[in-house]
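J.: The structure under discussion is supplied below as structure tokens; questions concerning it will follow.
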Amino acid sequence: MISFIDNQPLLRCRGRLKFKAIYVGISLFFTLLLGLSPSISAGKKFTHTVNKGDTLWDICEKYYGDPFLWPELWEMNQFITNPHWILPGDILTLLEYKEIKLPPVKKVVKIKKQPVKIKKPMGVDVSSFTNTKALGLLLREIIVPWGKILDFNTEKMLHSKDETAYVKMYKEDIKPGDKFTIYSISEPIKHPLTRKKFGYIYSFKGILEIGKAQKGYHIAKISESFKTIYKNDFLIPYHPVSSCMLPIPCQHDITAHIVAAKDKSGLLGQYSVIYIDAGSTKNIQKGNIFDAIQEKESISEPPKKETITLPPTILGKILILKTTENTSTGVIFWASKDFTNGVKVRPTSWHKQPIKFANLPSCSID
């Protein structure tokens with residue numbers, strides 16, 4: 001006769017084995033899940049060696065698919081003093097940023113970006129040696145003014161700051177508080193090398209603020225004056241130029257010339273404002289640095305009398321302050337001697353900020 005009581009220990013043993021198997025399976029699942037978690041939350045650190053032409057923007061686009069992560073990449077690499085200056089051979093520490101899917105859960109896990117304090121690039125303050133509101137500019141053609149000064153509320157011959165002016169505006173929708181640059185136009189100037197007509201110098205004289213409108217004219221106030229202002233001086237909208245400039249290297253091979261200078265000055269030296277015959281269409285940008293150079297040649301002794309080109313003499317260094325399509329405005333921040341219009345200029349090649357900027361006050365770029 002078979003006894004069922006005797007089978008109970010065997011059944012209990014089998015139950016314990018089944019439970020242990022289930023427990024081990026669950027334990028292995030959570031161990032695997034926990035093993036994956038640190039790599040997801042912490043990210044795998046790796047590096048990138050900078051190649052010529054690399055930028056933080058491009059590197060973030062390449063590795064993360066998001067170029068706007070460049071401030072965080074800059075923050076992670078403290079040795080980079082300026083995001084515009086990374087050199088070939090620099091080794092950047094990167095943090096892998098991508099979506100990871102866990103097969104058991106079928107859920108996308110994103111790495112949480114930690115808030116970082118973005119460092120503002122440091123520039124140089126040029127206000128100590130030039131007024132960026134009064135730079136003027138060189139244009140190839142005459143532009144249509146927005147208005148002109150009709151008269152003043154005084155009978156003086158010379159007019160300046162804080163005086164009231166009566167202006168005729170050619171455009172509609174002029175509102176009180178609108179600001180305009182007061183300017184005059186030179187006669188056509190000739191290129192110093194080709195002697196052909198090149199353009200016109202726009203001399204900025206001051207800033208005017210529109211007030212109350214009257215029938216046929218507006219009452220305005222001269223808020224700033226840089227030069228003597230006269231009747232029939234013209235008006236264009238005021239566009240401020242920051243005095244805090246971020247020097248950046250020019251990556252293009254450009255040859256241009258100084259065509260003219262502010263106030264039609266013929267002798268140029270330190271702190272002269274100059275106009276160049278090349279602009280944004282030739283990849284010149286605000287902040288680029290150019291050398292004004294004098295080319296040198298030497299003729300060997302007979303019988304060969306060969307002409308040998310020698311390294312040029314650097315006459316001065318120019319910081320570009322603003323550009324148009326075909327011209328650029330700059331200031332000579334250092335000069336070895338005085339020179340004249342027609343001098344050739346070319347971009348300065350540099351990886352570190354030129355030492356001649358060391359004496360200029362620094363400022364934070366907005």
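J.: Criterion first (in contact with a Ser or Thr (Cβ under 9 Å, 6 or more places away or on another chain), at pLDDT 85 or above, outside the structural domain of Tyr271 (by TED's automatic domain parsing) and not charged (D, E, K, R)) does Ile59 satisfy it?
T.: Taking the combined requirement at face value, the residue does not satisfy it.
J.: Within the range 254-291, take every residue that is on the phi < 0 side of the Ramachandran plot and modelled with pLDDT under 90 and give me the one that is nearest to the chain's Cα centre (by Cα).
T.: Out of the qualifying residues, it is Thr255.
Quick grid of which residues meet (1) surrounded by 20 or more Cβ atoms within 10 Å (Cβ to Cβ); (2) over 22 Å from Val331 (Cα atoms):
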residue: Lys215; (1), (2): no, yes
residue: Ile219; (1), (2): no, yes
residue: Ile229; (1), (2): yes, yes
residue: Pro237; (1), (2): no, yes
residue: Cys244; (1), (2): no, no
residue: Gln251; (1), (2): no, no
residue: Ala256; (1), (2): no, no
residue: Gln270; (1), (2): no, no
residue: Ile274; (1), (2): yes, no
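Quick grid of which residues meet (1) assigned to a loop (DSSP other than H, G, I, E, B); (2) of a type in the set (Phe, Trp, Tyr):
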{"position": "Phe198", "(1), (2)": "no, yes"}
{"position": "Ile201", "(1), (2)": "no, no"}
{"position": "Ser242", "(1), (2)": "yes, no"}
{"position": "Cys250", "(1), (2)": "yes, no"}
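Residues are listed down the side, and each one gets a yes or a no for (1) modelled with pLDDT of 80 or more; (2) in the same structural domain as Ser203 (by TED's automatic domain parsing); (3) not in a loop (DSSP other than H, G, I, E, B); (4) not β-branched (Val, Ile, Thr):
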{"residue": "Trp74", "(1), (2), (3), (4)": "yes, no, yes, yes"}
{"residue": "Pro88", "(1), (2), (3), (4)": "yes, no, no, yes"}
{"residue": "Val124", "(1), (2), (3), (4)": "yes, no, yes, no"}
{"residue": "Pro145", "(1), (2), (3), (4)": "yes, yes, no, yes"}
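J.: Right, another one. Which residues, taken from the range 252-275, are in a loop (DSSP other than H, G, I, E, B) and over 30 Å from Gly53 (Cβ atoms)?
T.: Correct list: Ser265, Gly266, Gly269, Gln270, Tyr271, Ser272.
J.: Next question. Could you say whether any residue in the range 338-346 is at pLDDT 75 or above and in contact with a Lys or Arg (Cβ under 7 Å, 6 or more places away or on another chain)?
T.: Among the residues of the range 338-346, not one is at pLDDT 75 or above and in contact with a Lys or Arg (Cβ under 7 Å, 6 or more places away or on another chain), which makes the answer no.
J.: Just to be sure before I move on: is Thr49 β-branched (Val, Ile, Thr), at pLDDT 80 or above, within 26 Å of Leu246 (Cα to Cα) and surrounded by 10 or more Cβ atoms within 10 Å (Cβ to Cβ) in the structure I sent?
T.: Taking the combined requirement at face value, the residue satisfies it.
J.: Test Lys296 against the criterion of being at pLDDT below 90 and assigned to a loop (DSSP other than H, G, I, E, B), and give yes or no.
T.: no
J.: Would you mention how many residues in the range 149-196 are in a loop (DSSP other than H, G, I, E, B) and of a type outside the set (Ser, Thr, Tyr)?
T.: 23
The values are calculated or read from the model by the stated rules, or taken from the named source; none is laboratory data. The shown structure was predicted, so the numbers you read here are calculated from the model rather than taken from an experiment. In this analysis, Cβ positions are derived from the backbone assuming ideal geometry, glycine residues included, and neighbour counts consider all displayed protein chains.
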